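Each reported figure results from applying straightforward, stated rules to the coordinates on display, with no laboratory input. Keep in mind the model is a prediction, meaning the values are calculated, not measured. Cβ atoms come from the backbone with ideal geometry, glycine included; neighbour counts cover every protein chain shown.
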Ligand SMILES: [Zn+2]
């Protein structure tokens, strides 16, 4: 199989959580060599969102998120498509800030229930993203897809479907982990868990060799089967978007303490805030912050 992002060759790097991980020799995006079955995936996601709490609303209802949404340059009463938005917080914010109507799509029935009952969203669809075209609205001014594509076996297809669903001059915010970022290694419990998983999957690894791989590009940050099946890089995403006609785009990274791209993590206490600032300013500067973001604009079809 070739890389879904840059078409480069994929080579085995190691085993993680009983899955063989393969990495692109070109852009360093990585995935599992044999993806889990649809059944396994569906079973895994049934109730995935059980930990969403209404109290999280406060992290989204702030002037930074409001300013960010209002600066998108969207038309009045815009239509938003929120793909697998982890309970619908951003949809709720979008409507509450008076930007328009949100359509929330999620495979997880419990996340949909939460969006409907706890966040009072009216347009909630418990369906696959492939079925976007059957929604009552099918062209969207704002498409929002945050930390979803890394969960899929075919992230490239979702990106194409989302671009298809954009209205002319629409804006698409796509976000996933930055596959080569070192930032998260500065969080001790994360790093320790990762080293442990690497040594478990590859009995020949010492702690030192596991660290050496992660500090190199064989990290690949974000992958964690069966949950996260892809780790995508800036280079890969740029290569992929470059092949799509009719769009303008920008790909960049953001650190874990960013209030807009990382609202939950950015809201810790003083000690946590100092730690995340330090990691963002050190490890996060080497190969970019932990979030990989693409802002995609659809060109006016008439031009
Ligand atoms: Zn690649």
### Query
At what distance in nm do the modelled label points of residue 300 and residue 64 sit from each other, each positioned 7 Å from its Cα along Cα→Cβ?
3.5 nm
### Extension reserve of the residue 208-residue 278 stretch, reckoned as 0.36 nm per residue once the Cα distance is removed
22.8 nm
### Theoretical gain in end-to-end length, residue 97 to residue 189 [0.36 nm per residue, Cα-Cα removed]
29.5 nm
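Based on the Kirkwood radius over alpha-carbon pairs, what value in µm²/s does the Stokes-Einstein equation return for the translational diffusion coefficient of the range 85-170 at 25 °C and 0.890 mPa s?
186 µm²/s
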### Task
Mind telling me which of 40, 66, 234 comes out most flexible in a GNM of the chain, alpha-carbon contacts under 10 Å?
40
### Query
For q = 0.12, 0.16 Å⁻¹, what log10 I(q)/I(0) does the chain give under the Debye formula with an equal point scatterer on each alpha carbon and no solvent?
-0.81, -1.46
### Query
What fraction of the Cα pairs in the range 93-239, stated in percent, has a spacing above 27 angstrom?
37 percent
### Query
Along the principal axes of its C-alpha atoms, what lengths does the range 152-252 span, in descending order and rounded to whole Å?
52, 23, 22
### Task
Run a plain Debye calculation on the range 1-106 (Cα atoms as equal point scatterers, no solvent) and give log10 I(q)/I(0) at q = 0.11, 0.13, 0.17, 0.23 Å⁻¹, rounded to two decimals, same order as the q list.
-0.60, -0.76, -0.90, -1.07
### Task
Find how many whole Å separate the alpha carbon centroid of the range 76-115 from the alpha carbon centroid of the range 199-238.
32 Å
### Query
Along each of its three principal axes, how wide is the spread of alpha-carbon positions in the range 222-294, in whole angstrom units, largest first?
46, 30, 22
### Stokes-Einstein D for the range 56-100, Kirkwood Rh over Cα pairs, 4 °C, 1.567 mPa s (µm²/s)
120 µm²/s
### Query
For the range 193-224, list residues with backbone N below 17 Å from a point placed 7 Å from the Cα of residue 20 toward its Cβ?
201-204
